[in-house]
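Remarks on the structure that follows.
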Amino acid sequence: MSRHDHAQSAADPSHTDVVIIGAGFAGVRMLIEMQRRGLSAVALEAGSDLGGTWYWNRYPGARTDSEAWSYAFPFEEIEQEWDWSERYPGQQEVQRYIGFVADRFDVRRSIRFGQRVTSAHYDEAANLWTLTTQDGGRFTCTWFVPALGHLTVPNEPRFPGMDTFTGKTYLTSRWPHEPVTFAGKRVAVIGTGASAIQAIPHIAKEAAQLTVFQRTPNYVMPAQNHPLDASFRRGLKDNAAANWAQARSHIFGFPMSAAGRTYDDVASEEERERIFEEGWQKGGFHFVFETFDDLVLDQRSNDAAAEFIRRKIRQIVQDPATAELLTPRGYPYISKRPPSGTDYYETFNRENVRLIDIRKDPIEAITPSGLRTASRQFEFDAIVFATGFDATTGAYAKIDIRGRDGRRLSDAWSAGPETFLGIGVPGFPNMLMLCGPQSPYINIPVAIESIVDWLGKALTRMKEQGYDRAEATAEATARWTALVSAIFESTLLPAGESANSWYLGANIPGKPRRVLFHFGGAGAYTQAIDEVAARDFEGFEFSRSPALPLTRSPGEALAASHS
Ligand code: NAP
């Protein structure tokens, strides 16, 4: 038994080897891994149910824009037992799926719901993390795994007069659990990101009048959603393993093949048009990944794609002035996260929908009866804020995280996050982030799988070797941070800053501009972390804390503390 265990084990039932924050895809997957590896773990979840993103984002039209079979856990038994209803499942279906998996592996009992973590402090002498929650809950652990999600903390609008509005206000990422009706109402939607793009067509069908306030137009792909029939679903089950293998090696973690061509491989405009049209018809991310492989690298390729989309907007939207307003210009396609929608552009042909350009005519204030832009007054019964998230680091900033010697994570990251592999931070021993800042920007379940596998191996390795502490080195962290920046700089993505891309924090006023993700692709990231594991976790220092007793061999001591 460790010194800490003497003090805690019987008296404090809230001690586990691992405490995870979050019970979304990542938290649930981590619980399953810990169960398989015989480590005790709990997940602290702020919501009253599991699902993470799929618990909070229940706005009208919320659904995945990754195909169901790629946005999933890679468990053979689940693939065989679960049937998806649509190509892009809706919020409720995804949440049910996560619950199904949690129940199938019996990890729901390890989730503590309604526990919003407010602080996480490391005690070096005891090698112990103590987490406290808003309600005064206290949880201790050796290894602390934040699985906070990238898009968790809302970018809450701060317009003057917010409190004066007498109608209803909604935030897409904090949508009420009770039914919301817009029938007969005059509704405003502020924002035209991926959430708004899904919500707008639904709200437009119900509301008496919908006014959309747009700052930056997006390049919106048609999702081309459809129900899945029995034979397609059979095929998914038969090909589950192959799909997963393909996803792991695809640049973005999708079961797709690279296009196998670049801009220079196609000489004729007609042929290029045909390729883009095929991508458009397939829908969603097929346009990005199956047209030209250099869309994000070669300005000419990107310009061709962007022009194709602009032509589509002009074809679909009947009013030329509205079409022009909806047309993105001045920033490369994909340099801001490209959304997918269903009938998004078509919705602006409805009589009850209008579009207001708030880049030209900014919102000055929310008023008791609506809102005021620089040039006019609008009256509304409801305002929907679809204003996005303080991505990735936002969720860390909400928790008072302190590492060795009481150092605050917010201070360590005051100029932006620096991590090793998106997992470790020097000075924060045993804080092992599951998809933290600088982890890969890919289809998230694929990222989760790689990292959970790595974390599982790392913890088992420590256990076997009699170590109880892992800490990223400053050198490895500096190297990783430089690599992440260099990859980003080698693409067209930096230009997204002018369009407020959240990839580098540009959507949040005052947030330090720092690349928040590794954009090297699923294969490169997995190779990088696998190599680190193969070299005995090089870049992390494993050590024995003073809390481990000296009277036994490290292996015996750790084994005893887990018995
Ligand atoms: P978002 O893409 O960041 O969009 C926020 C929108 O609000 C933007 O149009 C932004 O304008 C506008 N905005 C923000 N602050 C504003 C202000 N003060 N005044 C006026 N307008 C303001 O956020 P999101 O739509 O919630 O999507 C975030 C991410 O979540 C997506 O990129 C995607 O990764 C994910 N998501 C995925 C799905 C899916 O898979 N199906 C669905 C929804 C969301 P600017 O562009 O000018 O900043």
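Worth a mention:
- Subset of LYS185/LYS398; LYS168/LYS398; LYS398/LYS463; LYS185/LYS511; LYS312/LYS360 violating a 28 Å alpha-carbon distance limit: LYS185/LYS398; LYS398/LYS463; LYS185/LYS511
- Long-range amide H partners of THR327 with built H, under 5 Å: none
- In sequence order, the range 328-342 has phi-based couplings of x, 9, x, 8, x, 4, 6, 6, 10, 4, x, x, 10, x, 10 Hz under the Karplus curve 6.51 cos²θ - 1.76 cosθ + 1.60, θ = phi - 60°, and Gly or Pro positions carry x.
- For the pair HIS177 and ALA397 in one chain, pulling the backbone fully straight at 0.36 nm per residue adds 76.6 nm over the alpha carbon distance.
- Difference of contour (0.36 nm per residue) and Cα-Cα distance, GLU324 to THR473: 48.5 nm
- Each Lys or Arg adds one and each Asp or Glu takes one away; over the other residues whose Cβ falls under 11 Å from the Cβ of ARG215, this sums to 0.
- Around the amide H of ALA43, modelled in the peptide plane, lie the amide H atoms of ILE20, ILE111, ARG112, all under 5 Å away and 5 or more residues distant in sequence or on another chain.
- Placing dummy labels 7 Å off each Cα toward the beta-carbon, the span from SER268 to GLU531 is 4.3 nm.
- Vicinal HN-Hα couplings computed from phi for the range 362-367 (Karplus, 6.51 cos²θ - 1.76 cosθ + 1.60; Hz; Gly/Pro x): x, 5, 9, 6, 8, 10
- Most positive-pole-ward Cα, ASN500, GLN438, GLY184, against dipole of the chain from beta carbon charges: GLY184
- With neighbours defined as other Cβ atoms within 10 Å of a residue's Cβ, the residues MET30, MET462 order from fewest to most as MET462, MET30.
- Length-normalised contact order for the chain - Cα pairs under 8 Å, 6+ apart - percent: 20 percent
- Farthest towards the positive end of the charge dipole of the chain, among the residues ALA476, VAL28, PHE113, is the Cα of PHE113, using unit charges on the Cβ of Lys, Arg, Asp and Glu.
- Long-range HN-HN contacts of THR367 with modeled amide H, under 5 Å: ARG372
- J(HN,Hα) series, the range 47-63, from Karplus relation 6.51 cos²θ - 1.76 cosθ + 1.60, nearest Hz, glycine and proline x: x, 8, 8, 7, x, x, 3, 7, 8, 7, 8, 10, 5, x, x, 5, 7
- Residue order for ASP381, ASP411, ASP390, fewest other beta carbons within 10 angstrom first, comes to ASP411, ASP381, ASP390.
- Put the Cα centre of the range 453-507 next to the Cα centre of the range 374-400 and the gap is 27 Å.
- Between LEU128, GLY403, GLN377, the Cα set farthest toward the positive side of the dipole of the chain (charges on each charged residue's Cβ, about the Cα centre) is that of GLN377.
- Reducing the range 261-335 and the range 149-191 to their Cα centroids gives an inter-centroid distance of 32 Å.
- For the range 473-536, the relative contact order comes to 25 percent (Cα pairs under 8 Å, sequence separation of at least 6).
- Counted by Cβ distance under 10 Å from PRO176, the other residues give a net charge of +2, where Lys and Arg count +1 and Asp and Glu count -1.
A short reminder: the numbers here are calculations on the coordinates, not readings from a lab. Everything quoted here is computed from the prediction, not taken from an experiment. Neighbour counts are summed over all protein chains in view; Cβ atoms, including those assigned to glycine, are modelled from backbone coordinates with ideal geometry.
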